Amino acid sequence: MNLHVAQLAKLIAKRQSTAVFGVVIIAMLWAGVALKYFGDVQDDEKDTRRTNHNFAMVFEENVLRSIGEIDKALLYLRHTIETRKDSTDFYTIVNTTDVLSEIIVQVAIIDAQGIMRASNVGPQPPQAVDLSDREHFRAHLNSTVDQLFISKPVVGRVSGKWSVQFTRRFLNKDNSFAGVVVASLDPAHLTKFYNKIDFGSTASISLIGDDGVVRSSGGNGSGLTL
């Protein structure tokens, strides 16, 4: 009897050891699966960050090239105005200065009082339009800094379309403030570029200024809109 009890105890102990060993093996298998899963997730995150970084570099280059093209047009228009100081025929200057491109939808000249004196869009010669309340004019009004200003998207009072206004100040002979030259960018130009790139079915991209305002948006996702 004692012999049978001893054998039974050994059998139970052996089975317990086998069960424990099995549990250990299963735990090791699950640990391996978990490690593989988290490793794959980290690799996917790295690939996503790398892809997003590459996209950002392409978008940055496109935006900087567009801004540079617009600013060159403004500088050329300003130079034309300032070298004709004896002439106030802004209408002729705007319509004979070749600064238009596929991204510039309008050029205009605003005088020191904020009145638009010339534009290549709308009835010609254009009516005098008061733009003295516009941010892209007031940014230069009391400033002595010569810098490019980029506005929030606004609906043009002459064109009636959404546009982002790029402006620079120009001066009189005595270096006093004489007005502002304006080039208008159609945000759809950037949107068309964004929509050519496959971001996936739910992804989108938005160009947002330092002020938190969306300038342009594209992609298949909902994105951010003006």
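The values are calculated or read from the model by the stated rules, or taken from the named source; none is laboratory data. Every value quoted in this text rests on a predicted model; they were computed, and no experiment measured them. Methodologically, a virtual Cβ is constructed for each residue, glycine included, from the backbone with ideal geometry; neighbour enumeration extends over all protein chains shown. Areas reflect the complete protein model, heavy atoms only, side chains present, ligands, DNA and RNA absent. Shrake-Rupley method; radii C 1.70, N 1.55, O 1.52, S 1.80 Å.
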Response to the item:
When region 105-128 is checked residue by residue, the ones that are at pLDDT 85 or above and either part of a loop (DSSP other than H, G, I, E, B) or surrounded by fewer than 17 Cβ atoms within 10 Å (Cβ to Cβ) (or both) are Ala112, Gln113, Gly114, Ile115
Practice prompt. Report yes if Ser163 is closer than 21 Å to Ile67 by Cβ, in contact with a Leu (Cβ under 8 Å, 6 or more places away or on another chain) and open to solvent by less than 10 Å² (accessible area, probe 1.4 Å), otherwise no.
Written response: yes
Worksheet item: Is it the case that some residue within region 79-91 is modelled with pLDDT of 80 or more, open to solvent by 40 Å² or more (accessible area, probe 1.4 Å) and not in a helix (DSSP H, G or I)?
Response: yes
Discussion item. Checking the condition modelled with pLDDT of 90 or more, surrounded by fewer than 18 Cβ atoms within 10 Å (Cβ to Cβ) and of a type in the set (A, V, I, L, M), which residue from Leu148, Leu100, Leu141 passes?
Written reply: Leu148
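Every residue, every condition in (1) closer than 30 Å to Leu148 by Cβ; (2) in contact with a Cys (Cβ under 7 Å, 6 or more places away or on another chain); (3) open to solvent by less than 90 Å² (accessible area, probe 1.4 Å); (4) at pLDDT below 75, yes or no:
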{"residue": "Gly22", "(1), (2), (3), (4)": "no, no, yes, yes"}
{"residue": "Val33", "(1), (2), (3), (4)": "no, no, yes, no"}
{"residue": "Asp43", "(1), (2), (3), (4)": "no, no, yes, yes"}
{"residue": "Leu74", "(1), (2), (3), (4)": "yes, no, yes, no"}
{"residue": "Ile93", "(1), (2), (3), (4)": "yes, no, yes, no"}
